[in-house]
Amino acid sequence: MAKDSDHLAGRFDTENTGGFLTGLLAEEDNFDRRTLWRLGSWGAASVGAVIVALMANHSSIGSHRGQMAGTDLARQSQQIQLVAKESQSETRRLASAIETLNGDRDRLYARVTVLEQGLDSVTGAIARQNSAAA
């Protein structure tokens, strides 16, 4: 019976069936310095490629962020110019209103002065008539 179990065990030997991964993986029995150097260089190259990809992604995000910042600055500049023009026109309008009010005040002051002088002449004439009659 022992011979029959050995005979059955021989059937389960690993055979190269040409599966999916056989073309991707190298069959190496031992690791020597050359194999370790090759594995290390592949690892370093892959890490370098990932770093370069991250830097390229970061720089494209940075340039996009820079473009967005430039667009925002241009928009804010236009808004500030619009507000400045509006404030200048409002200042001119208020200055014109103040000049109009100053002119009205001066005319009213002149009229009140004339009325006071006329009232003094009227009250002065009445006082003179009363003193002359007495």
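When ligands, DNA and RNA are left out and all protein chains stay put, how many square angstrom of accessible area per residue does the range 76-127 have with a 1.4 Å probe?
89
State, to one decimal in nm², a quarter of the convex hull surface area for the C-alpha atoms of the range 41-95, i.e. the direction-averaged projected area.
Taking a quarter of the hull surface, the average projection is 3.8 nm².
The values are calculated or read from the model by the stated rules, or taken from the named source; none is laboratory data. All figures in this text were calculated on a predicted structure; none of them were measured in a lab. All accessible areas refer to the heavy atoms of the entire protein, side chains included, with ligands and DNA or RNA removed. Shrake-Rupley method; radii C 1.70, N 1.55, O 1.52, S 1.80 Å.
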